[in-house]
Amino acid sequence: MPTSTFRISPMLLPRSPVLFSAGCFRRPRSPAPGPGAAADSPIRRFAGSATAFPRPRPLLTSSACLLLTNQRAAMGANLSTPAARALTAPSSASLLRPLPPSPPSKSRIQLQTSQTNQHHQRHRQNRNPIYVYTRNLSSTADMAPPLNNAADPVERSSSPYPDPRQIGPKSKILAARTSNYHSTSLRNMVTINTVNKTALHPGGVQPVREHTELEEELHQTADIDYDRVAIVPNPSVAALYEDALVYETGSAITSTGALTAYSGAKTGRSPLDKRIVKEPSSENEIWWGPVNKPMTPEVWRINRERAIDYLNTRNRIYVVDGFAGWDEKYRIKVRVVCARAYHALFMRNMLIRPNRSELEHFHPDYTIYNAGSFPANRYTEGMTSGTSVAINFAEKEMVILGTEYAGEMKKGVFTVLFYEMPVKHNVLTLHSSANEGKNGDVTVFFGLSGTGKTTLSADPNRALIGDDEHCWTERGVFNIEGGCYAKCLGLSAEKEPDIFNAIKFGSVLENVVFNVETRDVDFDDATLTENTRCAYPIEYIQNAKIPCISENHPTNIILLTCDARGVLPPISKLNSAQTMFHFISGYTSKMAGTEDGVTEPQATFSSCFAQPFLALHPMRYAKMLAEKIEQHKANAWLLNTGWVGAGASTGGKRCPLKYTRAILDGIHSGELAKVEYENYETFNLAVPKTCPGVPSELLNPRNAWTAGNDSFRQEVTKLGGLFVENFKKYADEATADVIKAGPEINVGPEIKDVPETNASPEIKAAPETNGGPEIKAAPETNETNGGPEIKAVPETNGGPEIKASSEINGGSEIKASPETNV
Ligand SMILES: Nc1ncnc2c1ncn2[C@@H]1O[C@H](COP(=O)(O)OP(=O)(O)O)[C@@H](O)[C@H]1O
Ligand SMILES: C=C(OP(=O)(O)O)C(=O)O
């Protein structure tokens, strides 16, 4: 018997093939699994099948049997000792199945029926009652006798590997050594089990009589079948690395120690596939429409069951518990149940990590079931593709199917807070980063994806509170997350040292390209996506403020926009009416990659700079913000991190980061408030004539424009028209001064026809056979009135187009997104 058994992580070993003969798979018609799915089944790996979702196999190929049995032999019966179980609880449990009914013992407590929910009852209807088994590691009463006190009666002459009772030369040496030690040497700890021995399972199986609180909870609330799947609770970073490397194709450790993983076909969010369950408790609060499309409770149940069925077919699933919200008064407890180690590590980084005692009896407020490697059934009513991201505010759950992009989980939690905070606590949720100066002055940076929240909040002179999601309460600002999720394209140590240095052991890189020999990441390579990312714990940023909370109210509110048309000035000072106008409008260009199908910068109006995540009507957040700004006398600025000199398609270039940083330094030092300002036509924005560290000609787009006066006037008018048109839908709820704070344009007949770039193309409810929602023809938009061209909607279940990196920087034509209002 090998003596080194305990050094082998059972998580790394395949589990019994018996589990795969259970016939519980529903084989998808046209799976488009990501690498996680492809690699997750060890059976398939060892059997050499190319099928993404294997059919249930009653038998293994001989090579698979050999490997599995060898590994089980290596594990040996010693996993059934209490000590081994303590070390390897989740998998040892899973290795010792199927579970024959075991007689009640003194150490277990039968649960009351009232404690079991509907799902549980359904799940268990043909099974035994549920027992909670208490874990008492100090007790040896239940221990089987040690191996050397009982012989293994099974003859395994046909076994292709050595009989563990025959001690080979190496083992003899080891055995002699250990027997010299003490009566508690490993050999004495090895137990045998005489139940159901077969040639494949020479050690037999033994009912596991202990289940953790977490296992029982998952069983009761979600039918997670701990008889079938190993539940890995809150694994360490190292354990998750190991599992990702073993089970997830393409995962690797980069030269700086980060784990790199692939999300499969989906490398950005899928806003068209997001659904909110329409149910009485939240129905009247939700902002229904193209952002929050309703899902019936019936369809929710079908998808949830599908996700759980999928999770139950895994060999192991991961549970990550964490908090959302650094302020203990408002935080919610989140549990993530997922099939991929990369997802688990991602959420371990992105949630606030509880300490050991907080984890002990952690009962979540919200649970995410991420079965992203498995598609939704497109023929389920209301499904328009194989992807589904659904939230149920009544059940406090989120279910993900058909996308492995990790950002869905973090933005799902964010949507939950966009609902919970204002509705339950009158707290404002912000799609913003935040940092704090040495004097305690707080700056919040609102902005849609890619506008610079992460980049600009990482500032060596200021403490980072958070890079993406915050809440503004009656007592200050707190970060929702425990980590950051930075864009990596073009990342360099010179330009963004804080983020660059955060990419180390524990960080998760997503969809990056690396050199197979050196394992150096090529941050300029966008072969897989332009939305390359890294998720790291916030403490990896050297000057992070931990806990990520400030008791001060913001001094500066910065509305970040990334204007690919080059029309908005790099910096403008806003009065309060303008602040509300621009906050409600949320104009920016969607940057390529973050959302499925967006491959070039696209003009969009994303209300509150957060439209895809808003649970309530934008005006509810806007009104709360107006009150807070008024109460705390915050300064507000509009900062364009986008193009200068001309548009992205007409030879402009993105505002160099060093100038944007110099502008921010000017704001924080107070110098920018003191300089002379001029009016920027049409938009009536106050722009500084000078700013330390920034060429003055850059500050006013009229001066910076390279393509002549006519073209400038035309572009300004076009964009102004889009703003005015877009704001019409909010006019009923906005005050006259806010409406007037928008651009002033001579509305000729042609401007009237400018399409609403944020008017989502109508999406018909009926599912399309090709999986894409039907998009009604967009109104005639371009040329005469200069509106952006509206391109055909991308297939929501198709992967984003892969672009050569050369196309990234100079993104050409601006296209209205087919999902421009999401
Ligand atoms: N002037 C600029 N200001 C901010 N970011 C810029 C600028 N120019 C280029 N960038 C790049 O734009 C991206 C902004 O991404 P990020 O900060 O992650 O946005 P967000 O956090 O808002 O999603 C980064 O890759 C950054 O290097
Ligand atoms: C992750 C996202 O946002 P951000 O780029 O702001 O981090 C996202 O929108 O999917």
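The values are calculated or read from the model by the stated rules, or taken from the named source; none is laboratory data. It should be emphasised that the depicted structure is a prediction, and the values quoted were computed from it without experimental measurement. Counting neighbours? That spans all protein chains shown, and the Cβs are built from the backbone with ideal geometry, glycine included.
Please note which strands (runs of 3 or more DSSP E) are completely contained in region 259-361 and include at least 1 residues that are closer than 30 Å to Arg533 by Cα and assigned by TED's automatic domain parsing to the domain that holds Ser550.
In region 259-361, there are no strands (runs of 3 or more DSSP E) which contain 1 or more residues that are closer than 30 Å to Arg533 by Cα and assigned by TED's automatic domain parsing to the domain that holds Ser550.
Return the pair list, or none, for Cβ contacts closer than 8 Å from residues in region 446-473 that are more than 20 Å from Cys488 (Cβ to Cβ) to residues that are within 11 Å of ligand 2 (Cβ to nearest atom) and not hydroxyl-bearing (Ser, Thr, Tyr), at least 6 apart or on different chains. If the second residue must be within 11 Å of ligand 2 (Cβ to nearest atom) and not hydroxyl-bearing (Ser, Thr, Tyr), the pairs left are Phe446/His431; Phe446/Lys453; Phe446/Leu560; Phe446/Phe609; Phe446/Ala610. The condition of being of a type outside the set (D, E, K, R), in contact with a Leu (Cβ under 9 Å, 6 or more places away or on another chain) and within 16 Å of ligand 1 (Cβ to nearest atom) holds for only one of Gln611, Gln602, that being Gln611.
Does region 387-394 include one or more residues that are part of a loop (DSSP other than H, G, I, E, B), touching a Ser or Thr at 6+ places or on another chain (Cβ under 7 Å) and of a type outside the set (Val, Ile, Thr)?
The first filter runs over region 387-394 and keeps only residues part of a loop (DSSP other than H, G, I, E, B), leaving 387, 393-394.
Those left that are additionally touching a Ser or Thr at 6+ places or on another chain (Cβ under 7 Å): 387, 393-394.
Those still in the list that are of a type outside the set (Val, Ile, Thr) too: 393-394.
Yes, that holds for at least one residue.
Select, from Gly452, Gly437, the only residue that is within 15 Å of ligand 2 (Cβ to nearest atom), in the same structural domain as Phe583 (by TED's automatic domain parsing) and of a type outside the set (Phe, Trp, Tyr). Working first, answer last.
Numbers: Gly437 fails: within 15 Å of ligand 2 (Cβ to nearest atom).
On inspection, the qualifying residue turns out to be Gly452.
Rundown of residues vs (1) within 15 Å of ligand 2 (Cβ to nearest atom); (2) acidic (Asp, Glu), yes/no style:
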position	(1), (2)
Gly476	no, no
Leu491	yes, no
Glu494	no, yes
Glu510	yes, yes
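Kindly check whether there is at least one residue in region 413-426 that is buried (at least 24 other Cβ atoms within 10 Å of the Cβ), within 14 Å of the chain's Cα centre (by Cα), away from ligand 2 (no atom under 16 Å from the Cβ) and on the phi < 0 side of the Ramachandran plot. Within region 413-426, none of the residues are buried (at least 24 other Cβ atoms within 10 Å of the Cβ), within 14 Å of the chain's Cα centre (by Cα), away from ligand 2 (no atom under 16 Å from the Cβ) and on the phi < 0 side of the Ramachandran plot. Scoring Ser606 on the criteria (1) over 19 Å from Leu722 (Cα atoms); (2) crowded, with 24+ Cβ neighbours inside 10 Å leaves a single failure, condition (1).
In this structure, does Glu469 turn out to be of a type in the set (Asp, Glu), under 29 Å from Asn426 (Cα atoms) and away from ligand 1 (no atom under 16 Å from the Cβ)? For Glu469, the condition - of a type in the set (Asp, Glu), under 29 Å from Asn426 (Cα atoms) and away from ligand 1 (no atom under 16 Å from the Cβ) - is not met. Scanning region 538-585 for residues that are in contact (Cβ under 8 Å) with a residue 24 or more places away in the chain, closer than 30 Å to Phe505 by Cα, part of a helix (DSSP H, G or I) and of a type outside the set (Val, Ile, Thr) yields one hit, Tyr540.
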